[in-house]
1. Hey, among A:Ala117, A:Ala66, A:Ala110, which residue is facing chain C (nearest Cβ under 9 Å) and under 15 Å from the mean Cα position of the chain (by Cα)?
2. For the structure I just gave you, tell me whether A:Gly62 is within 22 Å of B:Leu302 (Cβ to Cβ) and in contact with a helix residue (DSSP H, G or I) (Cβ under 6 Å, 6 or more places away or on another chain).
3. Just the residues that are open to solvent by 10 Å² or more (accessible area, probe 1.4 Å) and assigned to a loop (DSSP other than H, G, I, E, B), please, taken from the stretch C:558-580.
4. Among the residues of the stretch C:497-526, write down those that are within 11 Å of chain A (Cβ to nearest Cβ), part of a helix (DSSP H, G or I) and either within 26 Å of C:Met363 (Cβ to Cβ) or open to solvent by less than 20 Å² (accessible area, probe 1.4 Å) (or both).
5. Which ones in the stretch B:304-319 are surrounded by 20 or more Cβ atoms within 10 Å (Cβ to Cβ) and more than 16 Å from B:Thr262 (Cβ to Cβ)?
6. Suppose we filter B:Gly243, B:Gly275, B:Gly248, B:Gly265 for residues that are open to solvent by less than 40 Å² (accessible area, probe 1.4 Å) and either in contact with an Asp or Glu (Cβ under 7 Å, 6 or more places away or on another chain) or assigned by TED's automatic domain parsing to the domain that holds B:Asn180 (or both); which single one remains?
7. Can you name the strands (runs of 3 or more DSSP E) wholly within the stretch C:409-474 that have at least 1 residues being over 25 Å from C:Ser545 (Cα atoms), open to solvent by 50 Å² or more (accessible area, probe 1.4 Å) and touching a Lys or Arg at 6+ places or on another chain (Cβ under 9 Å)?
8. For the stretch B:243-258, name all the residues that are touching a residue at least 60 places away in the same chain (Cβ under 8 Å) and not basic (Lys, Arg).
Amino acid sequence: MTDSYEPNIIAFLCNWCSYAGSDLAGTSRIKYPPNVRSIRVMCSGRVDTSFILRALKKGADGVLIAGCHPGDCHYQSGNYKTNRRIILLKKLLDQLGIDEKRVRFDYISASEGQKFADVVTEFVNELKEIGPCTLKEVEQ
Amino acid sequence: MSKEKKDKPKFAFYWAASCGGCEIAVLDIDEKILDVANNAEILFWPVAMDFKYKDVEAMKDNYIDVCFFNGAIRTSEQEYLAKLLRKKSKALVAFGSCAINGGIPGLANVSNKKEIFETAYIDNPSTENPDKIVPKTNSKVKEGSLTLPEFYDTVKSLDQTVKVDYYLPGCPPPTKLIINAITAIFENKLPENGSVLAPLKSVCDECAREKTEKKITDIKRVYEMENIDPKICLLEQGIICLGPATRGGCGALCLDANMPCTGCGGPTPNSLDQGAKMISALASVIGIEHEEEMSEQEINDLIDKIIDPIGTFYKYGLPTAIINRRVKK
Amino acid sequence: MAKRIGVFICHCGENIASKVDVEQLRKYAENLDNVVVSKTHKYICSEGGANEIKETIKKYKLNGLVTASCSPRMHEHTFRKIVKDGGLNPFNLEIANIREQCSWIHDDRKIATTKAKKILRGAVAKAGLLESLVAPKVKVKPGAMVIGGGIAGIQSALDLAEKGHKVYLVEKSPTIGGRMAQLDKTFPTLDCSGCILTPKMKEVSSNPNITLLTYSEVTNIEGSIGNYNVNVKKKARYVDLKACKGCGDCAVACRLHDRIDCEFDMGLGKRSAIYVPFAQAIPPKYTIDKDTCLMFTKGKCGTGPLCVEACPENCIDFKQKDTEVNIEVGVIIVATGYDVLDPSAMNEYSYANCKDVITTLEMERLISSAGPTDGKILKPSNGEEPKSVTFLLCVGSRDETECSWCCRIGCMSALKQAYLLKEKLGDKVEINICYTDIRSFGKGYEEFYRKIRGMNINFFRGRPSEVKDNKENLKIDIFDTTTNKLFEITTDLVVLTPAIVPRDDADVFSRLVRISQSADGFLLEAHPKLRPMDTFTSGIFIAGSCQGPKDVQDSVAHASGAASRAANILSKEEYETEPFISIVNEDLCSGCATCISVCPYDAITLEKQKDDTSIAKVDETLCMGCGACVVACPSGAMQQQGFKDKQILAMIDAYAKED
């Protein structure tokens, strides 16, 4: 937990809601930490469990998946499935000894630019406290 | 050592961290074993014949035509033999789940050497070891020095240790697949290097059960079922079956016996991580019928019925999973 | 074939270049895998930028392009077109968002540049695996549906009909006309609202291209652009529309004659259980309100329903049932309008307890000669003329605790009503206007304001803390910021200008139509400046106040714009959609059927093969490209074009690794 540790966060954002919300944060010139690199998918329902595991394995300290609020999914129900997948994934992470807080699932709509910024800021602070993810250093 | 016969392919068999089932599987090819005995020269088979490591060390590189290597790599001895046999073999076949994905021994990756030794040698009800003596790699006795292989923290698959040419999946590999592989070797018709010697499709392709659509409302263990319908997909009856995420070739034998597939055939082609894929798939369809109305608590309760994710989804494949062992943080 | 990727980094004027060192980024890109050329440009969306991209594609024989620029949600279509014109398949394009997600967020140049490099690295990694894709074409069904029959819906319907398109206009209430029908006059011209509205209403009813479905509601929408399937519930009126001549004898005879609060008059007037909302209703037919009619609430109406006795044409039929129709259209325009905030919850204004505290819409009904008082300004409490009327603007508007937005029409409505009151009552009435700002922004609005300012009307700049009900009058304390003095206004009638809010079922409705809401709850436009009538759902447009508060002229302009946008699609026989559909690798699919129930559009079916096994099949015309089935596929046989597992993994790996 050195001071120079900056969490590397990979975010999966859905085109219609959270990616638009992230864009809105930028359009509104809201400042938030630079730790996020986002991957745009059409729906949060496209985020496979193996993506999250791969991200953590390859060097991410945290993974954020953000989709539409329940009921608002552009494709009706993708976000419900994402929710269940992440619940089950967290059970696996627990068994593997990985802090389940490293995977965060949030609902962010296209008009919630401030919320996006707040979520990122909160996540960065949380990950700073948990410390870096040491998976990439684990013996292969 | 028998005389070199130039026409006959030279075989070797080795068992690393394994149960011995794969060796039995070779014998399970019944009368075809005679074909093997007649048409191949077996240079090394510790379980069945009396060869020594130094016999293998003395061979030229690539002397062995095909080496069938089963078992995972978890000690320095096994690692040494994997590297040695790789050097001495033209083609190295990872035989069985343990060699390909780490297998059941791979589940030890939820632990480490210290914990395992403590449980095996010190902290268990049937052992009295007040001096807490555990195996050491080097012990000096009056006659000299005794060595034991080093026991690693992490179980690895064969191809995490050396380059592998072919993969024969299964726990053990089904008879039919073994026969196909051996026939292909004799007829010089092996597919391209790196291939898995099994069908491309998952177990569902060979499973006779009816599949309509998956809307799982409850998870049940096999013993909790009063009646398992032999004609309908087990997943659709709420029993976790890894068939859809597992490579076929086994003829879906377990399903015929009303038991779910536990995934020994390993991942399907292009699958990054067999366990992760099954998690994604199962979570997609569990509770899907009323997903819009279910409360967060109801969803959690339903998913909590899936106990032991590692044991369920990575029973044979933990060492080759994306995250392949328990970590502290 | 090896990938040859060109990278174009946009300065975007100062938007990117002021925070990101674009030259450093350009050099960095040169060293990334598969990149053969890396350039910067001031504005790659400009003509000059486009030409340079096209030339570079040809010169370097590129088969992939990456732009480091604004968000793909901004210019993906623009860049795809440029790439296509340059001879490259438009889906071999990947956009690195270094503006909305980088330069506009971070002030520190070093941090912004470092982050931009990482973003670009991910985009180039994905671009290395992109494939040429063919955009599928869908046949566009002729016809449009307009949901909502207010002035916006009417205008859109008329415009589309004029272009020769078939239009289905669906309206929830028994007549079209909406809010504008409730107005007496419109600002700033003081046109009689009914006089300018009813000709349009009449046109709607007589236009052969328009099918009017009043007293009807949309219950389900399926499909996608060019091919929408809408279920409409036609509510039973219990009156035979063909036979009804609109004579009104039934309403006069009704046992509950003049006993039911009239919604059109905002509760200030009364109607019968069988009614027509207003005299110029289109269609000019009567409707039985089953929530109040005794035949439904009590099971019988005295000794027999009086309306049946009175009706000369035998139109009344209590056995009528709601019916459902299914309508296929190519596009949909949503014009569902607005509600006004109910000030009851704001106790300080005494609206709930005091009859003489009313809203502007209620005042509009009093002013209207067709209203509950025949146009006489009378206090609702005792029917006497008020000696003093006070307007309070911004009730619930520009208020962090209620509605943060400006209602846009409050100032002009109040000024208009003040003028009309003076016209009716002259100097017998004292008029006070308490305002926050006077927003008279439109054409002729400022001039109208000046005219009112020159009349004998008192203006106070401030927000009163409360309206005190003293029974025989009302008192308002107000601190006027222009004179820095505290005033106490004693008045007879208070008119509140409440906030304009989305319809109370806006969230249910937006989900039905699958469009989003903005933070304020109004329906979300695709871009507030450039695409104010589009939504993010292709083929669905929004018109009028459902998108945000507007006056009549802005609603009409918005509606005509929406009609034009919709017509763009209807004028084509085929429409190109996006190719991000799911595809099954038949060599790997074992027919496990896990994907079947996961698809929200029922696009996947199991097809039996000759050898009795089954394989999943995706219907391209139904697949909307969400990718849920890809994740649900346990064997990896299902993939999504443009978002394949390997493409996403390449981005993950590029992002995850340390620098």
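1. Details: A:Ala66 fails: facing chain C (nearest Cβ under 9 Å); A:Ala110 fails: under 15 Å from the mean Cα position of the chain (by Cα).
Of A:Ala117, A:Ala66, A:Ala110, the one residue that is facing chain C (nearest Cβ under 9 Å) and under 15 Å from the mean Cα position of the chain (by Cα) is A:Ala117.
2. Details: within 22 Å of B:Leu302 (Cβ to Cβ): no; in contact with a helix residue (DSSP H, G or I) (Cβ under 6 Å, 6 or more places away or on another chain): yes.
Taking the combined requirement at face value, the residue does not satisfy it.
3. Across the stretch C:558-580, the qualifying residues are C:Ser571, C:Lys572, C:Glu573, C:Thr577, C:Glu578, C:Phe580.
4. Once the filter is applied, which keeps residues that are within 11 Å of chain A (Cβ to nearest Cβ), part of a helix (DSSP H, G or I) and either within 26 Å of C:Met363 (Cβ to Cβ) or open to solvent by less than 20 Å² (accessible area, probe 1.4 Å) (or both), the stretch C:497-526 yields only C:Ser510.
5. Once the filter is applied, which keeps residues that are surrounded by 20 or more Cβ atoms within 10 Å (Cβ to Cβ) and more than 16 Å from B:Thr262 (Cβ to Cβ), the stretch B:304-319 yields only B:Pro319.
6. Details: B:Gly243 fails: either in contact with an Asp or Glu (Cβ under 7 Å, 6 or more places away or on another chain) or assigned by TED's automatic domain parsing to the domain that holds B:Asn180 (or both); B:Gly275 fails: either in contact with an Asp or Glu (Cβ under 7 Å, 6 or more places away or on another chain) or assigned by TED's automatic domain parsing to the domain that holds B:Asn180 (or both); B:Gly265 fails: either in contact with an Asp or Glu (Cβ under 7 Å, 6 or more places away or on another chain) or assigned by TED's automatic domain parsing to the domain that holds B:Asn180 (or both).
Selected residue: B:Gly248, the only one of B:Gly243, B:Gly275, B:Gly248, B:Gly265 that is open to solvent by less than 40 Å² (accessible area, probe 1.4 Å) and either in contact with an Asp or Glu (Cβ under 7 Å, 6 or more places away or on another chain) or assigned by TED's automatic domain parsing to the domain that holds B:Asn180 (or both).
7. Values: elements: C:430-435, C:457-461, C:467-469.
So the answer is C:430-435, C:467-469.
8. First pass over the stretch B:243-258, keeping only residues touching a residue at least 60 places away in the same chain (Cβ under 8 Å): B:247, B:249-251, B:253.
Hits for the stretch B:243-258 are B:Gly249, B:Cys250, B:Gly251, B:Leu253.
The values are calculated or read from the model by the stated rules, or taken from the named source; none is laboratory data. Nothing here was measured: the structure is a model prediction, and the numbers come from that model. All Cβ positions, even for glycine, are placed from backbone atoms using ideal geometry, and neighbour counts span all protein chains on display. All accessible areas refer to the heavy atoms of the entire protein, side chains included, with ligands and DNA or RNA removed. Shrake-Rupley method; radii C 1.70, N 1.55, O 1.52, S 1.80 Å.
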